[in-house]
1. How about region 91-114: which of its residues are within 19 Å of Asn9 (Cβ to Cβ), in contact (Cβ under 8 Å) with a residue 40 or more places away in the chain and either under 16 Å from the mean Cα position of the chain (by Cα) or not in a loop (DSSP other than H, G, I, E, B) (or both)?
2. Residues that are modelled with pLDDT under 95, loosely packed, with under 15 Cβ neighbours inside 10 Å and either under 28 Å from Ser101 (Cβ atoms) or β-branched (Val, Ile, Thr) (or both): does region 67-81 have at least one?
3. Suppose we keep only residues that are without any contact (Cβ under 8 Å) to a residue 12 or more places away in the chain and not in a helix (DSSP H, G or I) within region 42-68. Which one would you say is nearest to the chain's Cα centre (by Cα)?
4. On the given criteria, is Leu18 over 14 Å from the mean Cα position of the chain (by Cα), at pLDDT 95 or above and under 14 Å from Arg137 (Cβ atoms)?
5. Would you check which residues across region 135-154 are free of Cβ contacts under 8 Å to residues at least 24 places away in the same chain and either surrounded by 15 or more Cβ atoms within 10 Å (Cβ to Cβ) or under 18 Å from Leu49 (Cα atoms) (or both) and list them?
6. Can you pull out every residue in region 15-31 that is surrounded by fewer than 14 Cβ atoms within 10 Å (Cβ to Cβ) and assigned to a helix (DSSP H, G or I)?
7. Step by step: first the residues of region 87-103, then only those that are of a type in the set (A, V, I, L, M, F, W, C) and under 13 Å from Thr61 (Cα atoms), then the one that is surrounded by the most Cβ atoms within 10 Å (Cβ to Cβ). Which residue is that?
8. Taking the conditions exactly as written (in contact with a Lys or Arg (Cβ under 6 Å, 6 or more places away or on another chain), under 23 Å from Trp95 (Cβ atoms) and crowded, with 18+ Cβ neighbours inside 10 Å), does His12 satisfy them or not?
Amino acid sequence: MKDFFLRNNEYHLWATNLLFKSIDSLSKDDYKKDIGLFFKSIHGTLNHLLVVEKVWYTRLTGENYIPSSLAEELEANKEGLQKQLLQSVANWNDWLENFDSTRWQDIFRYKTMRGFEAELLYCDVIHHNMNHRTHHRGQITAAITQLGGPSPEIDYVYYLQSLGK
């Protein structure tokens with residue numbers, strides 16, 4: 001499982017870099033324009049991704065960051081947001097590298113943002129986080145296309161093909 005999650009984390013880095021290349025083709029106004037996404041804009045959706053990455057990562061590391069909302073703006077600047085999202089991928093990579101592979105099926109207990117006790121398997125926490133990334137990248141690519149920008153081809157199979165697999 002460790003290799004599978006590490007490969008998926010590498011895919012996320014690859015896809016995020018391609019996504020930002022497409023985002024860079026948009027005007028600043030289009031980047032922050034409310035176009036009806038759940039988190040309103042591309043910028044809002046990227047900030048949401050950073051918030052959720054931070055929530056789950058700190059839960060797993062024992063720091064337990066609790067945002068004011070899932071729409072909290074952690075970074076107003078596009079370049080700063082990109083840097084933080086890419087740093088988050090590096091943080092996850094380090095966590096995955098150091099995680100004891102015998103514990104994937106162990107229960108992880110945590111408090112929800114509403115303060116309720118919850119539990120999931122470690123493997124399901126990581127799978128959720130990676131699936132969440134993919135979900136919102138899909139929304140963002142649709143938004144880029146709607147705004148007339150180039151939609152990146154970021155399917156997982158394209159990542160594998162870029163590796164020669």
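The values are calculated or read from the model by the stated rules, or taken from the named source; none is laboratory data. Keep in mind that what you see is a predicted model, and the values were worked out from it rather than measured. No Cβ is skipped: glycine too gets one built from the backbone with ideal geometry, and neighbour counts run over all protein chains shown.
1. Those that are within 19 Å of Asn9 (Cβ to Cβ), in contact (Cβ under 8 Å) with a residue 40 or more places away in the chain and either under 16 Å from the mean Cα position of the chain (by Cα) or not in a loop (DSSP other than H, G, I, E, B) (or both): Trp92, Asn93, Leu96, Glu97, Ser101, Phe108.
2. There is no residue in region 67-81 that is modelled with pLDDT under 95, loosely packed, with under 15 Cβ neighbours inside 10 Å and either under 28 Å from Ser101 (Cβ atoms) or β-branched (Val, Ile, Thr) (or both).
3. Tyr65
4. Judged against the criteria, Leu18 is not a match.
5. His135, Gly138, Ala142
6. The answer is Lys21, Lys28, Asp29.
7. Ranking the qualifying residues of region 87-103, first place goes to Trp92.
8. Criteria met by His12.
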